[in-house]
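Read through the structure below, which is laid out as structure tokens, and then see the notes.
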Amino acid sequence: MIFRRGDLARGLYVVVIGEVKISIPSQQREKVIEFIGPGQAFGEAVMFLDHPYLINAQALSDCLLMWLDKRDIKLAIEHDAKFSMHLLEGLSRRFETLLNDIEVVNLHTAIERVTGYLLSLSNEGEGLMHLPNKKMIASKLGLTPETFSRALGQLAQSGFISVHGSKIQILRESRGQQHKSPLEPGSRDRASSGYFASVF
């Protein structure tokens, strides 16, 4: 665990290698908010408020992280306009992503949510993807694991995807023909893109 809800926020983290899960804990089950990859930052939301974290951050694999002290970030903001703009752009993208997630969870069906998520993960011309833990993805999409699995099964039966264990392939000839996505393909990368990757 990198930090837990209630820990005091004294800076932010940047993922160099690996993947980090951001979630809200509860007694019943956790709510996965997002997955953070290389070049992306996390922990900045409450950094300047001197408030404790409202979330948990947990490494999903072996990770290399860069930690930036709040005092150093304040100095960089005061003296580096480019850094300040990158930070503001990143925060704006994060906010936009959260609004999009709220819309998807509340206004779209399970099939639409899963379709949108798969399309947002796929790169142009590359349909084979390795999914992280399905239970965590279901939590992020506001679905039960059973509903998520059923949605994958329906998409496979329709010919939109093929499932090979933890790997899923979007069949190129089917992509975009039968299923409308609530998430624009690639939106995950843009919405929470590695804005620190271009600073450091």
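Some notes on this structure:
- Scoring 131-143, 94-106, 69-81 by mean Cβ neighbours within 10 Å over their residues and listing the highest first yields 131-143, 94-106, 69-81.
- Taken about its Cα centre, the range 28-129 carries a charge dipole of roughly 220 debye when the Cβ of each Lys and Arg holds +1 and the Cβ of each Asp and Glu holds -1.
- Translational diffusion coefficient (Stokes-Einstein; Kirkwood radius from C-alpha pairs) of the range 11-105 at 4 °C, 1.567 mPa s, in µm²/s: 90 µm²/s
- Cβ crowding within 10 Å averaged over residues, with 29-41, 7-19 ranked highest first: 29-41, 7-19
Each reported figure results from applying straightforward, stated rules to the coordinates on display, with no laboratory input. Everything quoted here is computed from the prediction, not taken from an experiment. Backbone-built Cβ (ideal geometry, glycine too); neighbour counts: all protein chains shown.
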